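Visitor: The structure's right below; bear with me while I get my questions together.
The values are calculated or read from the model by the stated rules, or taken from the named source; none is laboratory data. Quick caveat: nothing in here was measured; it's all calculated off a predicted structure. Cβ atoms come from the backbone with ideal geometry, glycine included; neighbour counts cover every protein chain shown.
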Amino acid sequence: MPRNTLKLAIALSLLAAPALSACGGSSAASDEKAVTVYSADGLKGENGDGWYDQVFKDFEKQTGIKVKYVEGGSGEMVQRALREKSNPQADVLVTLPPFIQQADGKGLLQKYAPQGVDQVDAADKAADGTWTSVVNNYFGFVYNKKELKQAPTTWQELLDGKYRDKLQYSTPGVAGDGTAVLIKAIHDFGGKDAALAYLKKLQANNVGPSASTGKLAPKVDKGELLVANGDVQMNHAQSKTMPNLGIWFPAPQGGRPTTFALPYAAGLVTKAPHGDNGRKLLDYLLSRTAQQQVSEIGGGFAARKDVKATDAEAVALAQIMTGVEVFEPDWSDIDRNLTAYVDAWKSATGS
């Protein structure tokens with residue numbers, strides 16, 4: 001090869017080398033200032049005014065890391081992460097129980113202790129350090145205050161004919177709040193068989209399945225539905241723009257209204273593509289700044305016990321919970337038997 005030709009070939013190869021390197025690493029380079037969150041619905045506002053909206057904005061401003069957000073039902077998000085297990089796309093997973101336990105059991109979460117996790121109650125975080133609550137919350141129902149002058153009080157009232165095609169609850173096994181309907185019914189009726197017998201009767205009034213609980217409250221507010229399931233945080237936040245929305249808790253016959261904690265729990269995804277950024281986001285979600293905004297902006301309860309909210313929203317939330325008995329489900333049993341419970345529900349209701 002002539003010397004000039006050889007020099008030209010070497011020069012071209014040197015130019016091509018960094019170009020090829022840039023091409024091969026361009027995705028990682030452009031995404032290194034990003035973090036992807038898979039989350040159950042409820043923390044992002046309908047009009048950009050939710051807790052996620054505020055904390056993601058503040059986090060991006062503070063760190064320069066762009067938050068990429070994907071939303072769906074708790075079960076839906078876990079199933080998506082499971083399908084992607086060999087090639088994870090999410091960095092942080094946020095779901096309601098029992099789906100956070102399910103994600104942990106399937107190896108979808110890695111251990112990480114965010115700053116401030118020592119201030120989270122033991123019952124609200126994993127013993128093995130794979131997840132922690134970031135917003136505390138409670139299961140509940142909503143009703144239309146305009147159409148119903150007062151809230152129903154018992155499960156049995158919902159069997160009344162006036163609720164035919166005016167009642168809906170999200171799907172157990174798919175939505176976290178839908179699964180909560182089944183959990184609460186089993187508790188309130190004293191066992192699975194009695195709960196399923198009731199839910200079979202209730203099916204006569206039920207509109208049908210819904211993968212997302214968040215979509216039900218607007219229907220209640222408009223009067224398309226009279227009653228639906230939900231959770232205190234999400235529904236209280238929605239009530240700011242949905243004036244006809246009221247929160248209530250079904251009681252067993254002759255008993256007090258009951259509920260149980262249904263926190264938004266977050267964990268770092270195993271082999272997260274942007275693990276360091278995921279850790280930084282989890283730290284920020286549990287920071288005192290973000291936790292102090294949970295009630296005022298998000299309509300929920302701070303996960304940190306050293307954050308005592310005194311704003312008007314916190315006072316309103318305390319009033320909602322007055323007189324309500326809070327029980328603690330056996331999450332280990334539910335995690336082991338969730339599929340069987342959901343299958344039994346499908347069989348009983350014909351869903």
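Visitor: Which numbered condition trips up ALA195, out of (1) in contact with a Lys or Arg (Cβ under 7 Å, 6 or more places away or on another chain); (2) within 21 Å of VAL326 (Cα to Cα); (3) aliphatic (A, V, I, L, M); (4) free of Cβ contacts under 8 Å to residues at least 60 places away in the same chain?
Guide: The one condition ALA195 does not meet is (1).
Visitor: Further question: Is there a residue in segment 138-147 that is within 17 Å of TYR38 (Cβ to Cβ), modelled with pLDDT of 95 or more and in contact with a Pro (Cβ under 9 Å, 6 or more places away or on another chain)?
Guide: No, the conditions are met nowhere in segment 138-147.
Visitor: Working carefully through the options ALA204, ALA197, ALA251, ALA228, find the one that is outside the structural domain of GLN54 (by TED's automatic domain parsing) and closer than 16 Å to ASP177 by Cα.
Guide: Result: ALA228 is the single residue among ALA204, ALA197, ALA251, ALA228 that is outside the structural domain of GLN54 (by TED's automatic domain parsing) and closer than 16 Å to ASP177 by Cα.
Visitor: So which residues in segment 108-146 are assigned to a strand (DSSP E or B) and basic (Lys, Arg), if there are any at all?
Guide: Let us first name the residues in segment 108-146 that are assigned to a strand (DSSP E or B), namely 109-110, 120, 125, 132-136, 138-144.
If the condition is that a residue be assigned to a strand (DSSP E or B) and basic (Lys, Arg), then LYS125 is the only one that fits.
Visitor: So in segment 289-310, with the set limited to residues that are surrounded by fewer than 18 Cβ atoms within 10 Å (Cβ to Cβ) and touching a helix residue (DSSP H, G or I) at 6+ places or on another chain (Cβ under 9 Å), which one is nearest to LYS66 (Cα to Cα)?
Guide: The extreme case among them is THR289.
Visitor: Still on this model: Which ones in segment 171-200 are modelled with pLDDT of 95 or more, among the charged types (D, E, K, R) and under 18 Å from ALA228 (Cβ atoms)?
Guide: LYS184, ASP188
Visitor: Anything in segment 73-127 that is among the charged types (D, E, K, R), surrounded by 15 or more Cβ atoms within 10 Å (Cβ to Cβ) and closer than 21 Å to SER212 by Cα? List them, or say none.
Guide: If the condition is that a residue be among the charged types (D, E, K, R), surrounded by 15 or more Cβ atoms within 10 Å (Cβ to Cβ) and closer than 21 Å to SER212 by Cα, then GLU76, ARG80 are the ones that fit.
Visitor: Assuming GLY275 fulfils every condition listed in (1) touching a residue at least 12 places away in the same chain (Cβ under 8 Å); (2) farther than 25 Å from ASP91 by Cβ; (3) out of contact with any Gly (no Cβ under 9 Å at 6 or more places or on another chain) apart from one, which condition is it?
Guide: Exception for GLY275: condition (2).
Visitor: If you don't mind, there's one more thing I want to ask. How about segment 174-208: which of its residues are surrounded by 24 or more Cβ atoms within 10 Å (Cβ to Cβ) and not in a helix (DSSP H, G or I)?
Guide: ALA175
Here is a yes/no grid of residues against (1) part of a helix (DSSP H, G or I); (2) touching a His at 6+ places or on another chain (Cβ under 9 Å); (3) not polar (S, T, N, Q):
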| site | (1), (2), (3) |
| --- | --- |
| ALA217 | yes, no, yes |
| ILE247 | no, yes, yes |
| LEU268 | no, no, yes |
| LYS280 | yes, no, yes |
| TYR284 | yes, no, yes |
| ALA309 | no, no, yes |
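Visitor: Would you please name the residue that is farthest from PHE301 (Cα to Cα), looking only at residues in segment 38-95 that are of a type in the set (Lys, Arg) and in a loop (DSSP other than H, G, I, E, B)?
Guide: Residue satisfying both the conditions and the ranking: LYS85.
Visitor: How many of the residues making up segment 227-245 are in a loop (DSSP other than H, G, I, E, B) and either buried (at least 23 other Cβ atoms within 10 Å of the Cβ) or of a type in the set (Ser, Thr, Tyr) (or both)?
Guide: First pass over segment 227-245, keeping only residues in a loop (DSSP other than H, G, I, E, B): 239-244.
With either buried (at least 23 other Cβ atoms within 10 Å of the Cβ) or of a type in the set (Ser, Thr, Tyr) (or both) added as a condition, the list becomes 239, 241.
Residues that pass the stated criteria total 2.
Visitor: Among residues belonging to segment 147-173 that are touching a strand residue (DSSP E or B) at 6+ places or on another chain (Cβ under 7 Å) and outside any loop (DSSP other than H, G, I, E, B), point out the one that is nearest to ALA211 (Cα to Cα).
Guide: Only one residue tops the list, namely GLN168.
Visitor: Next question. Quick check, is ALA211 surrounded by 19 or more Cβ atoms within 10 Å (Cβ to Cβ), in contact (Cβ under 8 Å) with a residue 40 or more places away in the chain, touching a helix residue (DSSP H, G or I) at 6+ places or on another chain (Cβ under 8 Å) and small (Gly, Ala, Ser)?
Guide: No; evaluated as a whole, the condition is false for this residue.
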